[in-house]
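The values are calculated or read from the model by the stated rules, or taken from the named source; none is laboratory data. Quick caveat: nothing in here was measured; it's all calculated off a predicted structure. Using ideal geometry, Cβ is built from the backbone for each residue, glycine included, and neighbour counts are taken over all protein chains shown. To get the accessible areas, we keep the full protein, side chains included, count just its heavy atoms, and leave off ligands, DNA and RNA. Shrake-Rupley method; radii C 1.70, N 1.55, O 1.52, S 1.80 Å.
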Amino acid sequence: MVRFKNRYALCELMFPGQPETSVESHQVYQAVKASLLDSHGDFGLAALQSSLSVKYLNIKTNIAVIRGERRHFDMLTSSLVFIRKIGGKDVVFKTLHVGGSIRSCQKFLIGHHRKNLTQIFPSCKTPEERAEGMKSIMAACDTLDWGYSVYKQTPSQPAYSALSMLQEGDGDEEKEEES
Amino acid sequence: MAATFTSAAFNLTTLVQTDDKISSAISGHYFNNALTVILPGTNSLPETVSECFADQLAYQLHGLPVYRLVEVPFIHAFVKNGLIYMLSANTQLDTHDCVAVTPDGWLILHLTKDTYHELGLEATKQTHQQKNSDTYVVKVNLLASYFKPGKKNYDSTLWCLKNRLDLVFDFHIAWEPKDDKVCSSSVSAYFLDKCAKVERRCLDRRTQVLTSLPCPKVQADDPEGTSGQSCHFQEVFEWIGAVACGVDMTVKDEDTSYTSSLCCPEPSQNCPRCCLFQVSGFITPGTILKVFKALRQYTTAHTDLPPASLTVHGFQDSPIFTNNCPHHLHICGDNLMTFVYLPSNQCWLYRAVAS
Amino acid sequence: MKCTTAAENSNPVPVKPTNFYAEKTQSYVYLKTSLTIEDENSSELNGNQYKFLILQAMKETLGQVGAATPVDLLKVFGDGTCIIRVPSRSTEKIWAALTLYGSTPSGKRCAFRVIHASPFLLGLAFNSRNHRDATS
């Protein structure tokens, strides 16, 4: 029996000019589906519809993970580019990473957030602001833990959470800054 | 995934016009459906070319049982004393049984799996494609010394064809006798009482005059057009096809480029008038050889014109291609030969086969 | 692929080499298709209308990306058939798109039928399969 291979696209949803916008995952799904039908027709939609799903959507950081069949995944990524509106709101999809599993997308996402930390922290003047920024990222990452729990069942892996990884990483950054 | 869905072989050979390879190529292509002649610089076909078809006789036999083809009188009178061309008509190579008799004395039965297993004759070794499509080719050598009544092989073949199945086909038939005194129409007289109906197969001729036709420039020693002074041979082949199909090749402006972007390959020259002659029927290689020679005479006399070409269209459903190569059909069974007459006695020979 | 062999003929003209050139793949496939439209005489269609319907068929099944494939309408015959040229790597998709197309934008039922497909344009000049029609 051959495993059904999927690909996962890690996308950032950018709402230009509307900072406090949030969407629901079924709206994202409908938007992807409509764009797929428009750019690749009945054939493209039929090839991907059975495997298409929005696996994860973080409304605080506007990060989404979209699953599609590996063989036709290029059709999905190309149609993501053409999405302009979700639920009446202007949107731009920015594909950050394409991975073979949710886990690899998650790893990338942690690295991505960690990299962004260094950009946020120098702009923080007071420790309060810094704590505020840290808190918002940690709050955003709470939902990541939920996504990770699917893969927690493998016993050989040490049980660590995305949040703890972030904090460790955060510690590293501070050390670097000090030195 | 991106592979082409038809398999096609396409090549070009540059030859001298008097080369033996040309006559062997023509006479090895047994079953010809049509000819296309493109002759620039003239309004009408030269007399010498149209005369070639005068003594071309072809017939259509309706409802002929196959066992008649292994009978001794037939083999003696026609297979041994001339070149016989027989091909089953209205049969499709991919779905039906097809039968052919070649001038070198082979009876070829291209059979579907059902017919093959019921018939009981042994097939020759299958090619890879035949295995995939479940077709079987039975070849019987009618000229073999052992193939005569009283011998086991002959008797069993005749019995199988006669008694096992009612293999009845319509045939295209043409015969070129070795002896000039014998008329090639005697083959129809022979089959008159052996099949349901014998019909004379007339040639269907069409002549068209094309005016101000753009013609690609061709150089015999530079088929790939590397110098920029001549066109690539593949573009020239497409141009010949476009002329044969009557496609408009003028350069497109903004309004007409919506439908098509095909235009004559560059560099080109304008030809004020051009004769397009097309003939279809069951044409024997002997006739084609005559046409080739007549055209050669004409083109050597008119060297200043754009190159003339002669195309031989084979039958799609012929079980063999040139030189007894097995032919099969998947999407299309086109098999073509095109001769392009070039100055200083040179010639291009295109061969195109698709399945 | 290119190989050169010396011609072994003894002509009065200087002996020319026999050169052999082969193309492994053909870049185009030519399709002869017919179009029938309900309650309409498809022989009245002109090239632009024909091309529009082909593009509609491609857009429906293959979307905007598929409809961007360069398809050339080479010739429209009077009887509602035409010759189109498609890149050989997308032949199956375009053939499928034409087959699946069922109704025109005005709501009339229509059907494309691919009669003959060939990698050579010369192959479409004659069809040896319709002899019976030609003779009768």
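What are the pairs with Cβ atoms under 7 angstrom where one residue, in segment B:285-311, is farther than 23 Å from B:Val236 by Cβ and the other, located anywhere, is aromatic (Phe, Trp, Tyr)? Sequence gap at least six, or different chains.
Note: pairs meeting the criteria are B:Pro285/B:Tyr30; B:Thr287/B:Phe53.
Tell me, which residue of segment B:328-338 that is buried (at least 24 other Cβ atoms within 10 Å of the Cβ), in contact with a Phe, Trp or Tyr (Cβ under 7 Å, 6 or more places away or on another chain) and in contact (Cβ under 8 Å) with a residue 60 or more places away in the chain is farthest from the other protein chains (Cβ to nearest Cβ)?
B:Asn335
Could you count how many residues in segment B:300-310 are modelled with pLDDT under 90 and open to solvent by less than 60 Å² (accessible area, probe 1.4 Å)?
Looking only at that region, the number is 3.
Take the residues of segment B:19-44 that are touching a strand residue (DSSP E or B) at 6+ places or on another chain (Cβ under 7 Å) and among the polar types (S, T, N, Q): which is surrounded by the fewest Cβ atoms within 10 Å (Cβ to Cβ)?
B:Asn43
Has segment B:80-96 got at least one residue that is of a type in the set (Asp, Glu) and buried (at least 22 other Cβ atoms within 10 Å of the Cβ)?
Scanning segment B:80-96, I find no residue that is of a type in the set (Asp, Glu) and buried (at least 22 other Cβ atoms within 10 Å of the Cβ), so the answer is no.
Could we say that A:Val32 is within 14 Å of another protein chain (Cβ to nearest Cβ) and in contact with a strand residue (DSSP E or B) (Cβ under 8 Å, 6 or more places away or on another chain) here?
So A:Val32 fits the description; yes.
In segment C:59-77, which residue that is outside any helix (DSSP H, G or I), touching a residue at least 12 places away in the same chain (Cβ under 8 Å) and over 17 Å from C:His116 (Cβ atoms) is nearest to the other protein chains (Cβ to nearest Cβ)? Show your work before the answer.
First pass over segment C:59-77, keeping only residues outside any helix (DSSP H, G or I): C:68-77.
Filter once more, keeping what is touching a residue at least 12 places away in the same chain (Cβ under 8 Å): C:69-74, C:76.
Add one more test, that the residue is over 17 Å from C:His116 (Cβ atoms), and what stays is C:69-70.
Values: C:Thr69: 12, C:Pro70: 7 Å.
Here the residue is C:Pro70.
Being out of contact with any Asp or Glu (no Cβ under 9 Å at 6 or more places or on another chain), in contact (Cβ under 8 Å) with a residue 24 or more places away in the chain and assigned to a loop (DSSP other than H, G, I, E, B) is the filter here; which residues of segment B:148-164 pass it?
Answer for segment B:148-164, where residues must be out of contact with any Asp or Glu (no Cβ under 9 Å at 6 or more places or on another chain), in contact (Cβ under 8 Å) with a residue 24 or more places away in the chain and assigned to a loop (DSSP other than H, G, I, E, B): just B:Lys148.
A:Ala139: modelled with pLDDT under 75 and exposed (fewer than 13 other Cβ atoms within 10 Å of the Cβ), yes or no?
yes
Taking segment B:305-348 as the region of interest, how many residues are more than 15 Å from B:Val99 (Cα to Cα), in a helix (DSSP H, G or I) and not hydroxyl-bearing (Ser, Thr, Tyr)?
1
Within segment C:41-51, identify whether any single residue is open to solvent by 50 Å² or more (accessible area, probe 1.4 Å), touching a strand residue (DSSP E or B) at 6+ places or on another chain (Cβ under 8 Å) and touching a residue at least 24 places away in the same chain (Cβ under 8 Å), and answer yes or no.
Checked against the condition, which is being open to solvent by 50 Å² or more (accessible area, probe 1.4 Å), touching a strand residue (DSSP E or B) at 6+ places or on another chain (Cβ under 8 Å) and touching a residue at least 24 places away in the same chain (Cβ under 8 Å), segment C:41-51 yields at least one hit.
Among (1) in a helix (DSSP H, G or I); (2) open to solvent by 70 Å² or more (accessible area, probe 1.4 Å), which single condition is A:Ser35 missing?
Condition not satisfied by A:Ser35: (2).
The rows are residues; the columns are (1) in contact (Cβ under 8 Å) with a residue 12 or more places away in the chain; (2) open to solvent by 30 Å² or more (accessible area, probe 1.4 Å); (3) of a type in the set (S, T, N, Q).
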position	(1), (2), (3)
A:Leu13	yes, no, no
A:Gly17	yes, yes, no
A:Ala31	yes, no, no
A:Leu45	yes, no, no
A:Phe73	yes, no, no
A:Ser78	yes, yes, yes
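Take B:Lys293 and decide whether it is basic (Lys, Arg) and assigned to a loop (DSSP other than H, G, I, E, B).
Spelling it out, it is not the case that B:Lys293 is basic (Lys, Arg) and assigned to a loop (DSSP other than H, G, I, E, B).
Within the set of pairs 6 or more residues apart or between chains, which connect a residue that is open to solvent by less than 10 Å² (accessible area, probe 1.4 Å) inside segment B:50-72 to a residue that is basic (Lys, Arg) and outside any helix (DSSP H, G or I) with Cβ atoms less than 8 Å apart?
Within 8 Å, the pairs are B:Phe53/B:Arg205; B:Ala58/B:Arg200; B:Ala58/B:Arg201; B:Leu61/B:Lys197; B:Leu64/B:Lys194.
Mind checking which residues of segment B:250-299 are open to solvent by 70 Å² or more (accessible area, probe 1.4 Å) and within 19 Å of B:Phe339 (Cα to Cα)?
B:Lys290, B:Lys293, B:Gln297
Being of a type in the set (A, V, I, L, M), outside any strand (DSSP E or B) and more than 21 Å from C:Leu100 (Cα to Cα) is the filter here, so list the residues in segment A:46-79 that pass it. Can you show your working first?
In the first step, residues of segment A:46-79 are kept if they are of a type in the set (A, V, I, L, M); the result is A:46-48, A:52, A:54, A:57, A:59, A:63-66, A:75-76.
Keeping just the survivors that are outside any strand (DSSP E or B) gives A:46-48, A:52, A:59, A:75-76.
A:Leu52, A:Ile59, A:Leu76 - these are the residues of segment A:46-79 that are of a type in the set (A, V, I, L, M), outside any strand (DSSP E or B) and more than 21 Å from C:Leu100 (Cα to Cα).
Among the residues of segment B:240-264, count how many are outside any loop (DSSP other than H, G, I, E, B) and in contact with a helix residue (DSSP H, G or I) (Cβ under 9 Å, 6 or more places away or on another chain).
Residues in segment B:240-264 being outside any loop (DSSP other than H, G, I, E, B) and in contact with a helix residue (DSSP H, G or I) (Cβ under 9 Å, 6 or more places away or on another chain): 7 in total.
From the list A:Phe121, A:Phe93, A:Phe43, A:Phe108, which one is part of a helix (DSSP H, G or I), modelled with pLDDT of 90 or more and away from every other protein chain (no Cβ under 14 Å)?
A:Phe108
How many residues does segment B:222-239 hold that are assigned to a loop (DSSP other than H, G, I, E, B) and either within 11 Å of chain C (Cβ to nearest Cβ) or among the basic types (Lys, Arg) (or both)? Talk me through it step by step, then tell me what you get.
Step one: list which residues in segment B:222-239 are assigned to a loop (DSSP other than H, G, I, E, B), which gives B:222-232.
Those still in the list that are either within 11 Å of chain C (Cβ to nearest Cβ) or among the basic types (Lys, Arg) (or both) too: B:222-224, B:232.
Number satisfying all stated conditions: 4.
Just checking, which of C:Lys93, C:Lys32 is part of a strand (DSSP E or B) and either open to solvent by 10 Å² or more (accessible area, probe 1.4 Å) or within 14 Å of chain A (Cβ to nearest Cβ) (or both)?
Sole residue among the options that is part of a strand (DSSP E or B) and either open to solvent by 10 Å² or more (accessible area, probe 1.4 Å) or within 14 Å of chain A (Cβ to nearest Cβ) (or both): C:Lys32.
So which residues in segment B:268-302 are within 14 Å of chain C (Cβ to nearest Cβ) and not charged (D, E, K, R), if there are any at all?
If the condition is that a residue be within 14 Å of chain C (Cβ to nearest Cβ) and not charged (D, E, K, R), then B:Leu276, B:Phe277, B:Gln278, B:Val279, B:Ser280, B:Gly281, B:Phe282, B:Ile283, B:Thr300 are the ones that fit.
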